[in-house]
1. Can you tell me the alpha carbon radius of gyration of the stretch 62-109 divided by the globular rule-of-thumb value 2.2 N^0.38 Å?
2. Under a 1.4 Å probe, what is the accessible area of the stretch 54-109 per residue, stated in Å²?
3. Modelling each spin label as a point 7 Å along the Cα-to-Cβ direction, I'd like the residue 92/residue 74 distance in nm, to one decimal.
4. Take the Cβ-Cβ distance between residue 85 and residue 45 as r, set R0 to 30 Å, and report the resulting FRET efficiency rounded to the nearest 0.05.
Amino acid sequence: YAMAAMATGIYASVFSDYTPRHHCVDNITRFAYSSEFYESADRCTADGELCQEFAYDKEIISSSASQEFDIVCSQAYLKSISGVLRMSGLLIGSFVFGWISDTFGRVNA
């Protein structure tokens, strides 16, 4: 039972941190809200300036944290920080709650 409870903490990042294919809306206006996406190095800029609005491919997952908060291009480092904080929380939590369960939850034989 305990392993099933931890699985959500470990595997939640698969769904929450997924970054769908995307492009700048200002870069190619004819593809702004279509399902045609391209792989290109300049998908984060529009006429040499950083993009302010992105269009995302919703074919695989309709919504993710990366998409909702625009964690792409110049904000992509936040995805790594999110993973580090999540795993650090699991590490610290396992020590703290392991100690609490051993101290208060064990019955002396």
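The values are calculated or read from the model by the stated rules, or taken from the named source; none is laboratory data. These figures come from a predicted structure and were not determined experimentally. Ideal geometry is used to build each Cβ from the backbone, glycine not excepted, and the neighbour counts take in all protein chains shown. Heads up: the accessible areas ignore ligands, DNA and RNA and are worked out on the full protein's heavy atoms, side chains in. Shrake-Rupley method; radii C 1.70, N 1.55, O 1.52, S 1.80 Å.
1. Details: Rg = 17.9 Å, N = 48, 2.2 N^0.38 = 9.6 Å.
This ratio for the stretch 62-109 stands at 1.87.
2. Details: 4180 Å² over 56 residues.
On a per-residue basis, 75 Å².
3. Reported label-point gap for residue 92 and residue 74 is 3.0 nm.
4. 0.55
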